[in-house]
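The next block holds one structure in the form of structure tokens; read it before the comments.
The values are calculated or read from the model by the stated rules, or taken from the named source; none is laboratory data. Keep in mind that this is a model prediction, so the values were computed, not measured. So basically every Cβ, Gly included, is an ideal-geometry build from the backbone, and we count neighbours across all protein chains shown.
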Amino acid sequence: MALMNTVQAPLTPAVLHILLALSAGDLHGYRIMKQVEADSQGKTKMGPGTLYGSMGRMMEAGLIRESDKRVDPEMDDERRIYYALTGAGRAALEAELGRYRGVVAVAEGRLSYGH
């Protein structure tokens with residue numbers, strides 16, 4: 001998967017939700033799943049297979065990376081791996097949100113004129 005094509009191409013729903021979750025900061029896998037559920041108001045629930053399969057492809061494409069972040073071992077499991085957006089990941093998210101804004105603008109224009 002070429003990095004430039006990833007930024008240009010529409011994102012899958014799973015990738016979009018993961019990038020959106022990580023846009024708030026570094027998170028570990030379980031927290032990403034919970035953030036996706038919260039961001040979608042419970043409409044999207046992502047299981048571990050979808051999450052980690054998508055994240056593996058996203059890491060290969062340079063959209064996310066493992067983070068150096070580690071929390072206090074007494075407060076969290078020290079084995080947890082945290083993930084962070086890369087510059088390419090942020091660019092892909094911004095490009096996708098731009099596509100959505102364009103679609104919404106067309107739809108709103110048509111609905112307001114009764115077309």
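Residues that are aliphatic (A, V, I, L, M) and either part of a helix (DSSP H, G or I) or modelled with pLDDT of 95 or more (or both): does the stretch 70-87 have at least one? Before the answer, list the steps.
Pass one, the stretch 70-87, residues aliphatic (A, V, I, L, M): 71, 75, 81, 84-85.
This time we only want the ones that are either part of a helix (DSSP H, G or I) or modelled with pLDDT of 95 or more (or both), so: 84-85.
Yes: the stretch 70-87 contains one or more residues that are aliphatic (A, V, I, L, M) and either part of a helix (DSSP H, G or I) or modelled with pLDDT of 95 or more (or both).
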Item to check | Residue list for the stretch 17-47, restricted to those being over 19 Å from Asp68 (Cβ atoms) and in a loop (DSSP other than H, G, I, E, B) | outcome: Ser40, Gln41, Gly42, Lys43, Thr44, Lys45, Met46, Gly47
Checklist outcome for this item: By residue number, the members of the stretch 86-109 that are under 23 Å from Arg65 (Cα atoms) and without any contact (Cβ under 8 Å) to a residue 60 or more places away in the chain are Thr86, Gly87, Glu94, Leu97
Checklist entry - If Ala14 satisfies every condition in (1) in a loop (DSSP other than H, G, I, E, B); (2) modelled with pLDDT of 90 or more; (3) not basic (Lys, Arg) but one, which is the exception? => result (1)
Next on the checklist: Can you pull out every residue in the stretch 88-115 that is within 19 Å of Tyr52 (Cβ to Cβ) and at pLDDT below 90?
Outcome noted: none
